[in-house]
Amino acid sequence: MLDYCWQCGSQLNDFSNAGQFYQGAAQTQNFNIPNQYQGYNNYQQNYAPKYQPRANSYSVGRIAAVLGGFFFVLLLITGAGAAVVYRAIYVSCAKCTPPLPKPSPVKETEPIKNDQIKTEPVKNNPVTDNKDSDQPRTEFEKIWVDYNVRENGRLGMRIHAKFSVYNMKGVDSEMVVLFEKADGTKLKSTSKTYSSKGGQVAVYRSMKPGYDDTIYKDLDVFMPYDELKLSRGKYDLKMDVDVIYENGDLIGHLTYHDFQYEKF
């Protein structure tokens, strides 16, 4: 038995003790449909159910795509920022990097005359052998060389020596620098100015001490490279520095000095 009308959904009349009598619904044309059930719209929309908005649904794929896009944009921004910082640091370091040192210019020097040499007397004569105390002698202290200098337009080296002489007041003498190879082979020259009596390459500096015992703090001499008479190449050479009389006899040997010479 029906409890509700199949057309409008309203409850049918309840007749107690109706027995087997048929229970019928009220006539449809007398029923006010729009006011009976909230699940239906008015009669102008053919009694369709009211619109229910669709529940929001979230797709895992869509969320992943959004997150992926977000991280991609973040990666681009981070990379661009890192590039800007790197360039700023690189440019800054390039600006603050000191430039390479420039080669020192060739020095132009003037020849020194004998009257410009400053000498000093030896305060304490260290000679202990009374037998030889009255003989001229030398005592070497140090040597140093300035390479690649010019004098009178010629390129060469200036050789400096510090030494003392004893019992040589007023003696005409010379400091001589003789040149040879490291193995002892003498360099030969035919120059009258830059060679010894034996034809060895040499350069001289005149001396005439003002005291019996005299210190030469810096006696120097200039040697032009072209007077070494060597062909192109690299050489291991040696200087032999001595003090001699004007006639060439030896007063005293000062030192040997090794050096390298390369001719291009």
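A short reminder: the numbers here are calculations on the coordinates, not readings from a lab. Please read all numbers here as calculations on a predicted model, not as lab measurements. All Cβ positions, even for glycine, are placed from backbone atoms using ideal geometry, and neighbour counts span all protein chains on display.
Descriptive notes on the structure:
- A simple spin-label model places pseudo-atoms 7 Å from Cα toward Cβ; at D134 and Y211 they are separated by 2.2 nm.
- Exposure proxy ranking, count of Cβ atoms within 10 Å, fewest first, for V201, V165: V201, V165
- Under 11 Å, Cβ to Cβ, from V165 - net charge with Lys/Arg +1 and Asp/Glu -1: 0
- Among the listed pairs K162/K238; K169/K217; K169/K192; K208/K263; K188/K217, those whose Cα-Cα separation exceeds 24 Å are K169/K192; K208/K263; K188/K217.
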